[in-house]
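Beneath this line is the structure, given in structure tokens, with notes to follow.
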Amino acid sequence: MKLPHGKVPMDVLKQVVFENLGVTRKEVVLGPSAGFDGAVIDVGNKSLIVSMDPITGALERIGWLAVNVNANDVSTFGVEPAFLFSCILLPEGADRKTVKDICVQMNKAAKDLGMAIVGGHCEVTPTLTNPIVVGCAIGVAEKGNYVTAAGAKQGDKLLLTKSAGIEGTAIIASDREKQLKKAISQQTLDRAKKYFYSISVVKEAIIAFRTGGVNAMHDPTEGGLTGGIHEMADASRLGVEIHEEKIPISHETAEICKHFKIDPLQLISSGALLVSAKPKSADTIIESLRQAGIQASVIGHFLKDPREQIFVRKNGNTQSLPRPTSDHLWQVIQQL
């Protein structure tokens, strides 16, 4: 079976990847599991939060994205990211400037987040056509002082910060600007390209966690918002009910998705954060985020029955919450 672009299908993960994980070590509190943003390793009285992600579908700001996307994953545990390893794979024909551009971007992003880049690898890779940057971020917490994507509870309110499709909007606006100019105003395109500056969720994740009442957090990356919600519900072994009318979708995202005939809810959404909050704490968390200049909305709640994945459309009709087979960014990349 030929695999689709993007994340490996869940059955392959479970039947192949998760069946080949080396030895079992007592320090590993959380290892590879579906729906989780990273691993947890206990060392003495500390917990290390470790996450790894590649940047493969973006040409502009690839180094900057590699730092921020990996830092986001660590922050969803309620832990500040501190260290980064990177693996930079360059296409044949790459020059010194390409290396410098990527490294300067990574340096800027790491400094903004207070992270140290502590090691990695850099090479020119035969047959590669575009650069790939793989990052590995690490955060340090007091032992057990974190949350995971699997901590949602029945009745929890599901909060979303900012809006859907943030990273996908920025990537498409930058990499497909010539095509979009024919259908979208330059002003809209310029605003969309600036969405790169909204991709970090570190600030909001730490604020939410420290405010209290957070049971779980997750950032909807590849697979978009609906993919992220499914991952969170699956990891927590719960059902979920989502209301379409409550999901913020910006004008820029809506216009770009309309042009390429893709679903903004299935478009890579780094920059948004999903927060499962105790019902009594949701408003307090939203207010704490608002005071920090971050928009947050209640878009649904978690249900007891894992089989219930309900999506309430704007017209009141209900259907199953879409489960992406591949991020819709790949549909755009494949279009000429």
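The values are calculated or read from the model by the stated rules, or taken from the named source; none is laboratory data. As the structure is a computational prediction, the values presented were derived from the model and not from experiment. Cβ: placed from backbone, ideal geometry, glycine included. Neighbour counts: every protein chain shown.
Quick one: count up the residues across segment 29-66 that are β-branched (Val, Ile, Thr), closer than 21 Å to Glu231 by Cα and more than 17 Å from the chain's Cα centre (by Cα). The qualifying residues number 2.
Where helices (runs of 4 or more DSSP H) fall wholly inside segment 216-322, the ranges with 2 or more residues that are of a type in the set (Val, Ile, Thr) and under 21 Å from Tyr197 (Cα atoms) are 251-260. Here Ile207, Ile166, Ile171 are screened, and the one residue that is at pLDDT 95 or above, under 25 Å from Leu113 (Cβ atoms) and crowded, with 24+ Cβ neighbours inside 10 Å is Ile166. Taking segment 2-49 as the range and being at pLDDT below 90 and on the phi > 0 side of the Ramachandran plot as the test, the residues that pass are Gly6, Gly35. What about Val147, is it out of contact with any Pro (no Cβ under 8 Å at 6 or more places or on another chain), surrounded by fewer than 24 Cβ atoms within 10 Å (Cβ to Cβ) and more than 18 Å from Glu204 (Cβ to Cβ)? Judged against the criteria, Val147 is not a match.
Taking the stated definitions as given, is Ala164 hydrophobic (A, V, I, L, M, F, W, C) and closer than 28 Å to Ile249 by Cβ? Yes; evaluated as a whole, the condition is true for this residue.
Yes/no matrix, rows are residues, columns are (1) surrounded by fewer than 21 Cβ atoms within 10 Å (Cβ to Cβ); (2) at pLDDT below 95; (3) among the basic types (Lys, Arg):
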| position | (1), (2), (3) |
| --- | --- |
| Glu244 | yes, no, no |
| Thr253 | no, no, no |
| Ala282 | no, no, no |
| Ile285 | no, no, no |
| Arg290 | yes, no, yes |
| Gly300 | no, no, no |
| Arg313 | yes, no, yes |
| Gly316 | yes, yes, no |
| His328 | no, yes, no |
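Quick check on segment 95-116. Is at least one of its residues assigned by TED's automatic domain parsing to the domain that holds Phe83, free of Cβ contacts under 8 Å to residues at least 24 places away in the same chain and among the aliphatic types (A, V, I, L, M)? Yes, because at least one residue in segment 95-116 is assigned by TED's automatic domain parsing to the domain that holds Phe83, free of Cβ contacts under 8 Å to residues at least 24 places away in the same chain and among the aliphatic types (A, V, I, L, M). Inside segment 106-129, residues that are not basic (Lys, Arg) and not in a loop (DSSP other than H, G, I, E, B) make up a count of 15.
Just one of the listed residues (Gly139, Gly228, Gly212) is touching a Pro at 6+ places or on another chain (Cβ under 6 Å) and within 17 Å of Val298 (Cα to Cα), namely Gly228. Does segment 77-97 contain any residue that is in a helix (DSSP H, G or I) and surrounded by fewer than 17 Cβ atoms within 10 Å (Cβ to Cβ)? Checked against the condition, which is being in a helix (DSSP H, G or I) and surrounded by fewer than 17 Cβ atoms within 10 Å (Cβ to Cβ), segment 77-97 yields at least one hit.
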